[in-house]
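The values are calculated or read from the model by the stated rules, or taken from the named source; none is laboratory data. Note that the coordinates shown come from a computational prediction; the quantities given were computed from them, not determined experimentally. Cβ: placed from backbone, ideal geometry, glycine included. Neighbour counts: every protein chain shown. We work out accessible area using only protein heavy atoms, side chains counted, and drop any ligands, DNA or RNA first. Shrake-Rupley method; radii C 1.70, N 1.55, O 1.52, S 1.80 Å.
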Amino acid sequence: MLDGVRVVDSTTEIAGPYCSKLLADAGADVVKVERPPGDPLRHWGSGALFEYLNSSKRSVRGDALELAASADILLSEERVDTAALWAENPALVVVVITPFGGTGPWSDHPSTEFTLQAACGSIGQRGLPDLPPLSAGGRLGEWTSGTYAALGAIAAHREAVRSGVGELVDVAMLDCMAVTMVTYPSVFASFAGRPKVAGTGRTIEVPSIEPTRDGYFVVTTNSAQQFQDFLLMIERPDLMDDPDLPQVAKRFRRREEFLSAVHQYTAQHTTAEVLEAAALLRIPAGPLLNGSTVTEFEQFVARSVFVPGPSRRFLQPRIPYRVSGEAPRPFEAAPDLGQHDGWIDWAPRRVRASGAGTDAERGVEGDGWRLPLAGVRIVDCTAWWAGPITTAALAALGADVIKVESLTRPDNMRFASTRPPSHDRWWEWGPIFHAANIGKRGVTFDLSRSEGAEMLERLLRTADILVENFTPRVMEQFGFDWDRVHALNDELIMVRMPAFGLDGPWRDRTGFAQTMECLTGMSWLTGFAEGPPVLVRGACDPLAGMHAAFATILALIARDRCGGGRLVEAAMVEAVLNAAAEQVVEYSSSGTLLGRDGNRGPYAAPQGVYPCAGDDVWIAVAVASDEQWRSLRALLGSPSWMRNDFSVAAGRRAAHDAIDRELSSWTRRHPAEEIVQMFLDAGVPSAVVVPPRDIAANPQLRHRRLFEVEHHPITGDHEVPTLPFRFSRVDHWLRSPSPTLGRDNDSVLEELGYSPAETRRLHETGHVGAVPTGI
């Protein structure tokens, strides 16, 4: 789908290379430009992670800017002079991925993915109150940043092809992590009136990952029905009479008592037995897998999800989407350093544009540039988080997104509300619903009734894209499978986002982020070494959503070139597997099973969270180089405990416990903000472990305008996060508030040709409306 697209990639490590991997997998000609001794990942572990991230690319040594005049997309992790680049190549898309973005008060701060987790609220949200806050394993912030970068790159490129005008896509890892590794805690706090919370407010889900007779399994009880069914499963229906247990906060406070009851059941049964019992009650559940077991999971085996890497020395997940009529690009071996020196013979790019569209269209500037998806209509039949965040991103990029709910089956995220059912229109107070549905219109079409099905048919005939994320049987039962949709509109792109895929033994099981974290091994890497695995929280839904959005734009590009609709399958779990691939490639290449180690990591030493003056106040510190250690030692006055053998990472790693004790003894006597500023001035990556509810106050996020005010007719004015990258030509991403239930029924029905009398009848007969039924 990107055949002929030229990409110059001068990035290293994970975020940038994963962005260019997604582009290469779609057919782009990616040239990796390296300076000796090359990308540090070439020399990390068995080398399998480098191979995975850099397959199907070419490698040259030199200056990436020398190829920019001949490229379509330039990836960089350093600021570049875009004016000079555009003078030679006006249609060039420049993607810059940095920790904090190109400008702002923090833009030059030293950092690592670990300290960014502290700053975005991820570490502060996770763990038990009597233990230190806990980071997520696996460098997930880098994978999510790479995914967002790929989305921004491909969207900007589609518009550059149309208009001949390039764009700067400024990607900040902190922004990306603030919208993926926490679940809108600042919006929850704002909706709830900012109640006081002690310390970081960290918790774990109860229940979540629980022991079985032969391992662990994970269970999800997001809804009241799922929790009641879980009580039946563990043979404790008597607990239904306890008024505290259905409430998440009260259940957490009574976690020891409750989990004791849970384990009386789960510890007496095998994982397979527990999963079978959960499946009978349609409770989302799954096994906890890791690098040694994930490739054997029955759903992945049935769908041939894991394939040999091009070097044949390890297994890796396949490309995480399928587009009908488009064969996936075969993986090619990762290049040796400088393997293609002297072989890049691209001709300079000329200004080119298809001329489609007019300046009167929404989002167009005087030079003909417009938002990349202006003029594209999307029918959004999604719910919960992964699907809605997909279409919210596409709406921000210019699409007209119409969200389809029904009065009998609204999006269940409406009911994750900060108001009780006794409150007027309480279903309009769901923070996640708001953040994942900004910029959309909303209608209530009941697809189980003939009138609702007819309304959807008319809407689909006017649309470019249909997105849905139910289990496969749902849309098929409504009569809207691919064959029917394609017959209604042969130019329509249908994007299906089932949890586990359109086929296989787990096809019709429901799946949530908690399930994905355990099936893919993410949770295996999160937790203290001596304790159980812990849920990551947050990342899976946005990861799956942005992979689906990326695949959607690829399908649009294919339609731009050749015409015709496409079926896109973007299974949630396969997107997450791609971002958790290090465990599999490392184990299958070297036999090394990666594991969890609390707040420590394989790259920096020391790395951890340290208590400071005050109640439950912490900082995160990661000494990522010997030079940083020398700076820290000088800052602290070269105390005797900082021995000479600590001057190298191996010595510090061996004495990590002792270093942690000494650092903690020092930090607990000083204010957190004061320590962090001292460390940053000395070039040592550090950050305050921020309570997640407070992230919207971060000065760097405010400088970048990550949070924009949603003016909503029911909830009033509240800040919600938007896309975590900036376009140089876009001042804001939020153009309308999330829709109240059925807000746009009348206007959409009028567009579809319904007369005022027909619309009135639909209201009177309860086919459309603004109040859910049966609640």
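Using C-alpha pairs below 8 Å separated by at least 6 residues, the relative contact order for the chain is 19 percent. Sequentially through region 619-634, phi angles give Karplus couplings (6.51, -1.76, 1.60; θ = phi - 60°) of 10, 10, 10, 9, 8, 9, 7, 5, 4, 5, 5, 4, 5, 5, 4, 5 Hz, Gly and Pro residues having no value and appearing as x.
Give the residue list of chymotrypsin sites (Phe, Trp or Tyr not before Pro) in region 253-347 that are DSSP loop and have at most 13 other beta-carbon atoms within 10 angstrom.
Numbers: sites: PHE258, TYR265, PHE297, PHE300, PHE306, PHE314, TYR321, PHE331, TRP343, TRP346; in loops: PHE297, PHE314, TYR321, PHE331, TRP343, TRP346.
Counting only loop positions with at most 13 other Cβ atoms within 10 Å, the chymotrypsin sites (Phe, Trp or Tyr not before Pro) in region 253-347 are TRP343.
Could you give the size of the charge dipole of the chain about its Cα centre, using +1 on the Cβ of each K and R and -1 on the Cβ of each D and E, expressed in debye and rounded to the nearest 20? All intermediate terms of the calculation are to be shown ahead of the outcome.
Details: 75 positive and 98 negative charges, 84 e Å.
So the magnitude is around 400 debye.
Is region 30-73 rounded, prolate or oblate when judged by the Cα gyration tensor, a ≥ b ≥ c being the square roots of its eigenvalues, rounded requiring a/c under 1.5 and prolate requiring a/b larger than b/c? Since a/c reaches 1.5 but b/c is at least a/b, the shape of region 30-73 is classed as oblate.
Rolling a 1.4 Å probe over the protein heavy atoms of the chain, with every protein chain left in place, gives an accessible area that is 52 percent carbon and sulfur.
Of ASP241, ASP626, ASP464, ASP25, the order by accessible heavy-atom surface (1.4 Å probe, DNA, RNA and ligands excluded), from most exposed downward, is ASP241, ASP626, ASP464, ASP25.
In this Cβ point-charge picture (+1 for Lys and Arg, -1 for Asp and Glu), region 631-693 has a dipole of about 120 debye about its Cα centre. In a fully extended conformation the segment linking ALA272 and LEU232 would gain 12.6 nm over its present Cα-Cα distance, using 0.36 nm per residue. Each part gets one Cα centre, and for region 532-606 versus region 645-675 those centres are 33 Å apart. Taking all Cα pairs closer than 8 Å and separated by 6 or more residues, the relative contact order of region 25-71 comes to 51 percent. Estimated from helical segments only, the mean residue ellipticity of the chain at 222 nm is -10000 deg cm²/dmol, where each DSSP H run of four or more residues counts as -39500 (n - 2.57).
So how far, in whole Å, is the C-alpha centre of region 44-99 from the one of region 379-401? That distance is 29 Å. Taking a ≥ b ≥ c as the square roots of the Cα gyration tensor eigenvalues, region 158-315 comes out oblate, since a/c reaches at least 1.5 and a/b does not exceed b/c.
What accessible area per residue comes out for region 588-648, rounded to a whole number of Å², with a 1.4 Å probe?
Numbers: 2710 Å² over 61 residues.
Here the residues of region 588-648 average 44 Å² of exposed surface.
Taking trypsin sites (Lys or Arg not before Pro) across region 535-625, none is in a DSSP loop with at most 11 further Cβ atoms lying within 10 angstrom of its Cβ.
Note down the relative contact order for region 628-710 as a percent, whole number, built from C-alpha pairs under 8 angstrom at least six residues apart. Write out the running numbers ahead of the final one.
On the way: 35 pairs, mean separation 24.6, N = 83.
Once normalised by length, the contact order is 30 percent.
Accessible area per residue for region 380-459, computed on protein heavy atoms with a 1.4 Å probe, is 26 Å². State the answer as a single residue: which of ALA386, VAL688, ILE775 lies farthest towards the positive end of the charge dipole of the chain, with beta carbon charges of +1 for Lys and Arg and -1 for Asp and Glu, about the Cα centre. Most positive-ward Cα: VAL688. Restricting attention to the chain, lysine pairs at least eight places apart or on different chains and with alpha-carbon atoms under 17 angstrom apart total 5.
For the chain, the residue among TYR587, ALA192, PRO410 whose Cα projects farthest onto the positive side of the dipole built from Cβ charges is ALA192. Just tell me the longest site-free run in the chain, where the sites are GluC sites (Glu not before Pro) in a DSSP loop having at most 14 other beta-carbon atoms within 10 Å. That would be 531-775. The spacing between region 206-261 and region 105-160, judged by their C-alpha centroids, is 30 Å.
When the charge dipole of the chain is built from unit charges on Cβ atoms (+1 for Lys and Arg, -1 for Asp and Glu) and taken about the Cα centre, the candidate among TYR216, ALA64, MET678 whose Cα reaches farthest toward its positive end is MET678.
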